[in-house]
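The values are calculated or read from the model by the stated rules, or taken from the named source; none is laboratory data. Quick caveat, the model's predicted, so the values are computed rather than measured. Heads up, the Cβs are rebuilt from the backbone with ideal geometry, glycines too, and the neighbour counts pull from every protein chain shown.
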Amino acid sequence: MNGDRGGNWPGASMVDLFPVLPSRAPEYSRAAADETELTGILGGSVTFPLRISAAQKFKNGAWSVNTRSLVTVTAGKPPRVLVFNPSYEGRLRFSDESYSLQITDLRMEDTGSYTVEFSTDKEQFAYREFTLHVSKGQLPPTIACDSVACEDDACIYTLRCAVRDGRENVTYSWSNAPSSVLSTGSIVHIPQRHQAAREDVTCTARAPDGNSSRRTVSPKDFCAEQVPATTIVCDSVTCDNGTCHYTMRCVAGERGGQVAYSWTQKDSGVVVSTRATLRVSRRPFEALPAVICTARHPASNSSRMISPKDLCPDSPPDRSLASLLSYHLIILLLALGALSAGLIV
């Protein structure tokens, strides 16, 4: 057995290399379950994503194909790799950051079931399984909704097109009709008020050999399925000495994984908070800037812009200010009364 990038380890066994991996029922994460079915093109490449959270650090892992040992990998720069199957020699790659497995120069016989057992600094045992299909020809491109940015009832949809068979020098174009080109790149931004947002749009991927493939989606419906909507609610409004305090909360639907929030001012772009809630204050005769809440998911983000004054109900009466005004009004009335009495006398 030869080490692809880590040299020879004579006599090493799977148990010797990974004694920390106990035998127990497999555990699945939602992120991994979304990409268990993979398809590759003959001669291309494919990546099996581990989807380890940023809070964890990979330690080691053991891969198998059709229940036979394939490769082991230990964290390092570069990773220490030991290949067990000679037919994969020189075709396996591991990222220094994600430690996801990549197979290059795909062959038809690579089709099969792939599993991995691995450990991190916070998890002694984790398990993933994938099914790989290798086919001839060119796969249709994949489309992802990168983001949905909304202001009032108007949204902008950002779609990304990609060919996931490892081919290089692929060109992309977007259209909503045979002669209406929306973009000549892999990314397209479609305003909701644009006619294309209400129609199907098509991404065409062209390979250097002249082969092309297409995929068509409806931006609004497609993004609604992929990107959880973001809403902003007004939790409270309190006023004191003429200054009103607005507390707003950003809410995003979850599709697995953690959601990170950030608030920015519309005009300046300055980040004013990285929490789900935001508290802003407004003094008398002071304008409130519009703010944007962005909810970032593992694979997409959505944002919504709002003015705190427009979102929250009419400000409640400022009792401190009302009391102060009442006091001055009473003094004024007493003074007028005294003046009137003096004039009468």
Check your understanding: What tally of residues in the stretch 94-119 results from selecting those that are closer than 22 Å to Q138 by Cα, among the charged types (D, E, K, R) and either free of Cβ contacts under 8 Å to residues at least 24 places away in the same chain or not in a loop (DSSP other than H, G, I, E, B) (or both)?
Key -> 2
Review point. When the stretch 266-287 is examined, which residues are found to be hydrophobic (A, V, I, L, M, F, W, C) and either modelled with pLDDT of 85 or more or within 30 Å of A55 (Cα to Cα) (or both)?
Key: V270, V271, V272, A276, L278, V280
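Yes/no matrix, rows are residues, columns are (1) of a type outside the set (S, T, Y); (2) in contact with a Ser or Thr (Cβ under 6 Å, 6 or more places away or on another chain); (3) surrounded by 18 or more Cβ atoms within 10 Å (Cβ to Cβ); (4) farther than 15 Å from T120 by Cβ:
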residue: W63; (1), (2), (3), (4): yes, no, yes, yes
residue: F84; (1), (2), (3), (4): yes, yes, yes, yes
residue: R91; (1), (2), (3), (4): yes, yes, no, yes
residue: D96; (1), (2), (3), (4): yes, no, no, yes
residue: Q102; (1), (2), (3), (4): yes, yes, no, yes
Review point. If you take the residues of the stretch 244-265 that are at pLDDT below 85 and not acidic (D, E), which of them is surrounded by the most Cβ atoms within 10 Å (Cβ to Cβ)?
Key: A252
Review point. Is at least one residue of the stretch 182-200 of a type in the set (D, E), buried (at least 18 other Cβ atoms within 10 Å of the Cβ) and either at pLDDT 90 or above or not assigned by TED's automatic domain parsing to the domain that holds V291 (or both)?
Key: no
Check your understanding: If we scan the stretch 291-304, do we find a residue that is surrounded by 17 or more Cβ atoms within 10 Å (Cβ to Cβ), closer than 14 Å to D235 by Cα and modelled with pLDDT of 75 or more?
Key -> no
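Considering only strands (runs of 3 or more DSSP E) fully contained in the stretch 22-84, which possess at least 1 residues that are at pLDDT below 85? If you could, list the steps in order and put the result at the bottom.
On the way: elements: 37-41, 46-48, 58-65, 68-74, 80-83.
It comes to 37-41.
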Point to revise | Unmet criterion (only one of (1) farther than 19 Å from P141 by Cα; (2) loosely packed, with under 14 Cβ neighbours inside 10 Å) for D221 | key: (1)
Check your understanding: Do we have S100 as under 27 Å from the mean Cα position of the chain (by Cα) and either among the hydrophobic types (A, V, I, L, M, F, W, C) or closer than 28 Å to A162 by Cα (or both) here?
Key -> yes
